[in-house]
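The values are calculated or read from the model by the stated rules, or taken from the named source; none is laboratory data. Predicted, not measured: the structure shown is a model, and the values here were computed from it. Cβ placement follows ideal geometry from the backbone for every residue including glycine, while neighbour counts extend to all protein chains displayed. With ligands, DNA and RNA removed, areas are computed over all heavy atoms of the protein, side chains included. Shrake-Rupley method; radii C 1.70, N 1.55, O 1.52, S 1.80 Å.
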Amino acid sequence: DPEVYVLPLAQARDGEAEAVLTDHPGAAIARVQDSAGGEGVLFDAMAAKAFARALLDGVNASASFRGTQGTFSLRPGESIQRLLGDAEAAMEPVLSRAEQSNTAVVFGDRLLLKLFRRPEAGLNPDVEITRSLTEKQFPHVPAYAGTLEYRSPQGCRSLGILTQFVPGASDGWSY
């Protein structure tokens, strides 16, 4: 059966390209040259702080982007404003180095954005369960703050989840 993977791409040039190669060598996909002879690197955009920040801002703004085959939607949860608090502008995104099948970005000590690299058709159980428990005010899970979804004529896929970050907490993988 065919499989679907999520790989947001970005291009960096000159010093920014060298920084990507130095700081996140695993994110580099290919060296590229533009029509003007400029060189750069094509890389996994999750390694770019500006891209991660744009995703957070998009969730907060309930942004949608229409493509040729469907719509990419970023939806906030009810607790996002409480979790953002006054520190919204100061929350620098940091790519998590944890080895998992997904990619995680931590924003300050408040939020965690998890991108599902291999999204399945339908609503992801992580999104569904976390949102439901947060709505029921269950205090023993990180609060749901938002989701990234792709909707097309073939259905909906959860591409990511934004939750409360709990410093020092362990997860099921490490347990």
Within segment 108-131, the count of residues that are modelled with pLDDT under 90 and open to solvent by 60 Å² or more (accessible area, probe 1.4 Å) comes to 2
Checked against (1) at pLDDT 95 or above; (2) open to solvent by 50 Å² or more (accessible area, probe 1.4 Å); (3) closer than 19 Å to L113 by Cβ, D23 satisfies every condition except (1)
Filtering segment 122-146 down to residues that are within 28 Å of G26 (Cβ to Cβ) and in contact (Cβ under 8 Å) with a residue 60 or more places away in the chain yields A145, G146
Pairing a residue in segment 147-175 that is part of a loop (DSSP other than H, G, I, E, B) and open to solvent by 60 Å² or more (accessible area, probe 1.4 Å) with any residue that is of a type in the set (D, E) and at pLDDT below 95, where Cβ atoms lie under 8 Å and the two sit 6 or more apart in sequence or on different chains, gives P167/D109
Over segment 153-168, the set of residues modelled with pLDDT under 95, small (G, A, S) and within 18 Å of S64 (Cα to Cα) is G155
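Those residues that are of a type in the set (A, V, I, L, M, F, W, C) and either farther than 21 Å from R53 by Cβ or part of a loop (DSSP other than H, G, I, E, B) (or both), I need them from segment 1-20; list them, please. Steps first, please.
Let us first name the residues in segment 1-20 that are of a type in the set (A, V, I, L, M, F, W, C), namely 4, 6-7, 9-10, 12, 17, 19-20.
V4, V6, L7, listed by residue number.
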Checking V59, V4, V105, V94 in turn, the sole residue that is within 15 Å of the chain's Cα centre (by Cα), open to solvent by 50 Å² or more (accessible area, probe 1.4 Å) and of a type in the set (A, V, I, L, M) turns out to be V94
The condition of being open to solvent by 50 Å² or more (accessible area, probe 1.4 Å), over 30 Å from Q164 (Cβ atoms), modelled with pLDDT of 90 or more and touching a helix residue (DSSP H, G or I) at 6+ places or on another chain (Cβ under 9 Å) holds, among Q11, Q69, only for Q11
A careful count of residues in segment 30-48 that are under 19 Å from L159 (Cβ atoms) and either among the aliphatic types (A, V, I, L, M) or open to solvent by 50 Å² or more (accessible area, probe 1.4 Å) (or both) gives 4
The residue from Q81, Q100 that alone is outside any loop (DSSP other than H, G, I, E, B) and either within 26 Å of P2 (Cβ to Cβ) or open to solvent by 40 Å² or more (accessible area, probe 1.4 Å) (or both) is Q81
L42 passes all but one of the listed conditions (1) modelled with pLDDT of 95 or more; (2) in contact with a helix residue (DSSP H, G or I) (Cβ under 6 Å, 6 or more places away or on another chain); (3) over 21 Å from L113 (Cβ atoms); the exception is number (2)
